[in-house]
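Chemist: First the structure, then my questions, so here it is.
All of the numbers you see were taken from the coordinates with simple rules; none came from a lab. Everything numeric in this text was worked out from a predicted model, so none of it was measured. Here the Cβ positions follow ideal geometry from the backbone for every residue, glycine too, while neighbour counts run over all protein chains shown.
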Amino acid sequence: MNLLFVNTNQTRMPDPVPPIGLSYLASAMRRAQHKCEIFDLTFQPEFEDALKKRICGTKADVIGLSLRNVDNTAYPKSVSYFEHFKQIVRICRETAPETPIVVGGPAFSLFPEEFIEKLGVDYGIAGEGEIALLELLEKLAIGEKPEQIIYHAQGGQVNLDHLTPAWDLLETKRYFKDGGSLNIQTKRGCRYKCAYCSYPLLEGSSVRQRSPEKVVDEMEASFHEYGIDYFFFVDNVFNYPREHSVAICNEIIKRKLKVHWTAYTSPGVVDEEMFAIYKEAGCDALDFGSDAMSNVGLASMSKWFTISKIKDASRWCRENEIKFSHSLIFGSPGETKESIEETIANVHECNPSVVIAMIGVRIYPHTPLANRLIKQGWIAPEEIGLKPVFYVEESIREFMFERLLTESRNYHNWILPGFNKKINHPLLFERLRNKAGKSGAYGKGPMWKMLA
């Protein structure tokens, strides 16, 4: 079949995000002899005429829409992307009214029934699509009507060692120039049960790994074909299992691949040797999903590591000259003035390169926190949907706002996505990267590294 995929994401703050999931999906479809194109909205602020032209030009048998985020997850300045998705569906319907529209991606997978109903699309795939979309296309090809929402592919889970990205379908060099890195995935699934997190729902609670050799093969291919020398491991927790991440590093070292990289990591799976190996393999920045630095906050978020572990991870990063950020969530259930002050004091002791401080917890369906709040009567199940809902501990709301804004004013490395004017325009990011490059620094990697 002739397939036209649309990357609907237009968010470029702080960096344009290469659609790694859509890239893997398109590659899987091509291996099955389907013809694929990707229309990418990331670099097209005005896209209606161009999208209509592409739809008419490709004469696609199926149009696939990839929905990355439901909203910007920032409180209090929350922005929903639903109207944007509706506009894209309208354009597709007006231009090719007979062509089936299939929707997928993380945002759809969280709210499949609501998206199907409110967008008026034909089919949807909740979860990974490499096998599920093939099954849907096979049914369409023989005139059989598929289920409207496919939750689990009959062919089982994807063999991750078969993943290869179709970067030739995207402006890969521009993503690297503007965003400072290229995404790569080494595993899917998460065994942790953090109270608010949707990753286990999206990818499963068991961890499936790619072989280290396959991961580094992909890095090496991107290095030689596109000149990519900075990578972003987008696994939800790169350093679990520890041995897997270390094996990838050892493979990079063995091949003498001259690259740098960053990753999302947990401060709970750390040791001194691991950071030394990371550094040798090219790591120069890590983002720790600490979420809290008080005992109250860690318990509320169902975190299993301790404040002591967070401090150890911070110290080892400094000793290995690895820049690091701590991503924190303030205002979770049970948060107090004292727990906020405890977190702030511990942040200063850890001395991170950057602090990313989110206010409030975005509520997603079927997470432990959502189930707890429903049981307590704080929210009804039907109120958890596309319209963003955040839990913010009401008793300390005003204190928390003022206290965190004070920290942001006093310390340039405190970033508050729900408020902050320090990171609100792509031109600022471009200037920061250019300035880093001209000064002789390595102007690549995550944008927060430029703000440190």
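Chemist: Counting other Cβ atoms within 10 Å, which trypsin sites (Lys or Arg not before Pro) in region 227-327 have at most 10 and lie in a DSSP loop?
Modeler: K256, K258
Chemist: Given Cα pairs under 8 Å that are at least 6 residues apart, what percent is the relative contact order of the chain?
Modeler: 15 percent.
Chemist: Tell me the label-point distance for the pair R372, Y411, using the 7 Å Cα-to-Cβ offset, in nm and rounded to one decimal.
Modeler: 2.5
Chemist: Another question about this same structure. Just to verify a number: FRET efficiency for A32 and I253, C-beta to C-beta distance, R0 = 30 Å, to 0.05?
Modeler: Taking R0 as 30 Å, the efficiency between A32 and I253 is 0.25.
Chemist: Now for a different question. Got a sec to turn the phi values of region 188-203 into Karplus ³J(HN,Hα) couplings, 6.51 cos²θ - 1.76 cosθ + 1.60 with θ = phi - 60°, whole Hz, x for Gly and Pro?
Modeler: 9, x, 8, 7, 7, 10, 4, 4, 9, 7, 9, 4, x, 6, 7, 10
Chemist: Per-residue HN-Hα couplings for region 234-243, Karplus 6.51 cos²θ - 1.76 cosθ + 1.60 at θ = phi - 60°, whole Hz, x for Gly and Pro?
Modeler: The phi angles translate into 8, 3, 5, 9, 5, 8, 10, x, 3, 4 Hz.
Chemist: Taking the highest mean first, how do the peptides 155-165, 326-336 order by number of other beta carbon atoms within 10 angstrom per residue?
Modeler: By packing density, highest mean first, the sequence is 326-336, 155-165.
Chemist: Which whole-Hz couplings ³J(HN,Hα) result when phi for each residue of region 309-320 is put into the Karplus expression 6.51 cos²θ - 1.76 cosθ + 1.60, θ = phi - 60°, listed in order with x for Gly and Pro?
Modeler: Working through the residues one at a time gives 5, 4, 5, 4, 4, 5, 5, 5, 5, 4, 5, 9 Hz.
Chemist: Under 5 Å between amide H atoms, partner at least 5 residues away or on a different chain: which partners does D122 have, H built in plane at 1.01 Å?
Modeler: Long-range HN contacts for D122: I101.
Chemist: Greater than 27 Å separation of Cα atoms is the criterion. Which listed pairs, K173/K279; K214/K258; K309/K337; K258/K309; K118/K177; K254/K303, meet it?
Modeler: K258/K309; K118/K177; K254/K303
Chemist: Something else about it: Set the Förster distance to 56 Å, then compute FRET efficiency between E338 and R12 from the Cβ-Cβ distance, nearest 0.05.
Modeler: 0.90
Chemist: Moving on to the next point. Provide, for q = 0.07, 0.12, 0.14 Å⁻¹, the log10 of I(q)/I(0) from a solvent-free Debye sum over equal Cα point scatterers in the chain.
Modeler: -0.35, -1.10, -1.51
Chemist: Give me, ordered by chain and number, the residues 5 or more places off Y230 or on other chains with an amide H under 5 Å from its own placed amide H.
Modeler: Placed amide hydrogens put L182, H260 under 5 Å from Y230.
Chemist: Please list the radius of gyration and Dmax for region 2-150, considering alpha-carbon atoms only, with Å as the unit.
Modeler: Expressed in Å, the Cα Rg and Dmax of region 2-150 come to 14.6, 49.
Chemist: For the chain, which cysteines have no second Cys with its Cβ under 4.7 Å from theirs?
Modeler: By the Cβ distance rule, which asks for a partner under 4.7 Å, the isolated cysteines are C36, C56, C92, C190, C249, C283, C317, C350.
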